[in-house]
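Have a look at the structure below, then the notes.
Where a number appears in this text, it was derived from the coordinates with a stated rule and is not lab data. Treat the numbers as computed from the prediction; the structure is a model and nothing was measured. Cβ coordinates were reconstructed from backbone atoms using ideal geometry, including for glycine residues, and neighbour counts include every protein chain displayed.
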Amino acid sequence: MDRQTITDIWVRGWALSRGTPAPVVEPWGYRIDVGLPRHVFRHVLPEPDGPAVRHLCETVTTPHAWLKVLAGPEDTARWITPGWTVPDDPGFMMTLDLRPGPAPRPPRGYAVHGTEEDGVLRVRVLGPDGSLAARGQLARAGAGLAVVDQVETSAEHRRRGLGSTVMRTLESAAAAAGTTRAVLAATTDGRALYEAVGWRYRAPLTGIVRTG
């Protein structure tokens, strides 16, 4: 898949996963009205360059507006104008071709619960005491396409294979429902988990936020 296709899948699935309005197509990519106090909206650029990023930086003046660009932080830092900041943690666009397979068994003492509503499958792993140990969700992004989002493991339950359990459960359920390809945006910490379960790195993803 090229970056345009990956981005198109990602923005549609991300918006569904987060409960925002559908993405709006713009000349440079997409706009999503997120509506949060510190994340008002985001522009997503699948094929960014210096002039396009500088133009948006100069014309977007709303505090806590974001740009998400499929470029590395070094390039992005050269393109931005005063009032914009590149956060420390880089991102990575990743994809996986899904194949049917059995859902994994959780580690001893843990239980997996899944629910699906409005095109979003949510998986929760509960610990021995019933507390939330890990979670993740997958949103439908079109025929045979999906986006994995918000995968996290509580600090006290890490290094027990729960992240892999969440990922495999989501992938198994999605494949059984006819999904053939999935996309996600990983953090530095998350990338290692996703690569360990078969995901492939496709492009850098850098966030830029309007701070002033």
When the Cα atoms of the chain are enclosed in a convex hull and the volume is divided per residue, what value in Å³ results?
-> 123 Å³
Report relative contact order for the stretch 110-212 in percent, whole number only (criteria: Cα-Cα under 8 Å, sequence separation at least 6).
-> 19 percent
Which of the trypsin sites (Lys or Arg not before Pro) across the stretch 106-212 are loop residues per DSSP, with 15 or fewer other Cβ within 10 Å?
-> R108, R158, R159
Neighbourhood charge, 11 Å Cβ-Cβ cut-off, centred on V86 and excluding it, Lys, Arg +1 and Asp, Glu -1 = -3
For V24, net neighbour charge (Lys/Arg +1, Asp/Glu -1) across residues whose Cβ lies under 13 Å away | 0
Note, ³J(HN,Hα) from phi for the stretch 128-144, Karplus 6.51, -1.76, 1.60, rounded to Hz, x at Gly and Pro = x, 8, x, 7, 6, 9, 7, 7, x, 8, 9, 10, 5, 10, x, 4, x
Amide H proximity to R202 below 5 Å, modelled H, separation 5+ or other chain, gives M93, M94, T95
Trypsin sites (Lys or Arg not before Pro), restricted to the stretch 1-104: which are DSSP loop and have at most 13 other Cβ atoms within 10 Å?
-> R38
Just add up the charged neighbours of K68: K/R +1, D/E -1, any other residue whose Cβ is under 11 Å from the Cβ of K68.
-> +2
Only Cα pairs under 8 Å and at least 6 apart count here; give the relative contact order of the chain as a rounded whole percent.
-> 27 percent
Positive-end residue of A71, P51, T81, charge dipole of the stretch 21-133 with Cβ unit charges = A71
Cα-centred dipole magnitude for the stretch 60-212, charges only on beta-carbon of K, R (+1) and D, E (-1), debye, nearest 20 | 340 debye
Would you calculate a helix-derived [θ] at 222 nm for the chain, using -39,500 (n - 2.57) for each DSSP H run of n ≥ 4 and dividing by the full residue count, to the nearest 500?
-> -8000 deg cm²/dmol
